[in-house]
Structure formats: C-alpha cells, structure tokens
Amino acid sequence: MGTQSQYCTFWVDGLFFGVAVSSVQEVLRYQQLTAVPSAPEAIRGLINLRGQIVTAVDLRCRLGLPARADDALPMNVIVRSRGEVVSLLVDDIGDVITVDTSPSSGLELEPAPANVPSVIQDVVNGVLALPDSILLVLDADRAADVSAVLETTTGGTP
C-alpha cells in the first residue's frame, strides 16, 4: 500500500519549498499590505482577506535570505498555523505535487543537509530528493513563528 503526500510548492531566493497541502488554505497573487508599526522586520504587514485580517510573514526575511528586489512583488501562501491564518510571502508559486513516499518508491523524507543554513533547517521537516529537484519540506507552524527572530530584530519598543 502506497503512502502519498501532497505539497504546495513555491520558491524563495531560488530555494524550492513545499508545504503540506493540508496546512494551506489558498494561494494568492500580491495583496496590498498595511504596515504594522513596531512589528518585527519579518512581519511585512497585514492583509485583508475577505474581511479577515491576516499577518504577512516575509519568508526571505524570516529565513535570513537577501531582500526581494523592490520591483518584485511577493505571492501569498495562506497557511493555517496554530489556530490562526498566516500569509507566507514567497517569490513564486509552483504546483501542487504528489509524492509517493512508500518504501518501494525509494523516496523518503531525509534530514536537511548540513550545508543548509541553520535558520532554514529550523523551519523544515526535511528534504525530498525528487527526480529533478530537491524539495525543502516546510513546517508551516515553525515558518510562521517569528518569535525566534524577534530577538535579532530592532523593531518594537517595550
């Protein structure tokens, strides 16, 4: 009996990520953001999603990657995390892929390689070596948790 997992895929600074479809509410093109004064740098703002206020977390900033070019608009991967809805700002959206992770497939979730920066290792469940790419399987809860980066930002006042 096969075990299949589905992932919503996207790119951030050339890295290929996937998050379990069960964690994804929807994906959206760029949405206008409302800035949040004194918020951590990784929180780019809030979006109004059909009347629901959603926090937008910039994955580039969250993962310590270079900032997106000013003329490049991020896409939104809307995920459910710890009872809340959070937008992960990414560079581009990929497809939903189905991966057969049964023992006979030869594909299994492996730990992130040691050369992957620790801040990225902290938010991934592991990697899948697909035939044509390496998929970093993101943990939506850990990616949306900006408390880990709060200590390193200068935003906010007590």
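A few notes on this one:
- Think of a 1.4 Å ball rolled over the protein heavy atoms: the chain then has 55 Å² of accessible area per residue.
- Computed magnitude of the charge dipole of the chain (debye, nearest 20; Cβ of K, R +1, Cβ of D, E -1): 440 debye
- Percent of alpha-carbon pairs separated by more than 16 Å within the range 85-130: 58 percent
- From phi via Karplus (6.51, -1.76, 1.60), per-residue ³J(HN,Hα) for the range 89-104 in Hz, x at Gly/Pro: 7, 10, 6, 7, 9, x, 9, 8, 10, 10, 10, 7, 9, 5, x, 6
- Of all beta bridges that DSSP places with both ends in the chain, some 85 percent have antiparallel geometry.
- The chain - percent of accessible surface contributed by carbon and sulfur, probe 1.4 Å: 50 percent
- Put simply, the C-alpha atoms of the chain give a gyration tensor, and the ellipsoid matching it has half-axes of 28, 17, 14 Å, longest first.
- Normalised by the number of residues in the chain, the mean separation of alpha-carbon contacts (under 8 Å, six or more apart) gives a relative contact order of 29 percent.
- Around the amide H of Asp139, modelled in the peptide plane, lie the amide H atoms of Val124, Asn125, all under 5 Å away and 5 or more residues distant in sequence or on another chain.
- When the chain is described by a simple charge dipole with +1 on each Lys and Arg Cβ and -1 on each Asp and Glu Cβ, the residue from Ala35, Val19, Thr98 located farthest towards its positive end is Ala35.
- Computed over the range 42-129: relative contact order in percent, which uses C-alpha pairs under 8 Å that are six or more apart: 20 percent
- Gain upon complete extension [Val85, Asp100; 0.36 nm per residue less C-alpha separation]: 2.6 nm
- In the context of the full protein assembly, Leu109 retains an accessible surface of approximately 80 Å², using a probe radius of 1.4 Å and ignoring ligands and nucleic acids.
- Percent of alpha-carbon pairs separated by more than 17 Å within the range 59-118: 64 percent
The values are calculated or read from the model by the stated rules, or taken from the named source; none is laboratory data. Because the structure is predicted, anything quoted here is derived from the model rather than measured. Note that each Cβ is placed from the backbone with ideal geometry, even for glycine, and that neighbours are counted across all protein chains shown. Calculation scope for accessible area: heavy atoms of the full protein, side chains included, ligands and nucleic acids excluded. Shrake-Rupley method; radii C 1.70, N 1.55, O 1.52, S 1.80 Å.
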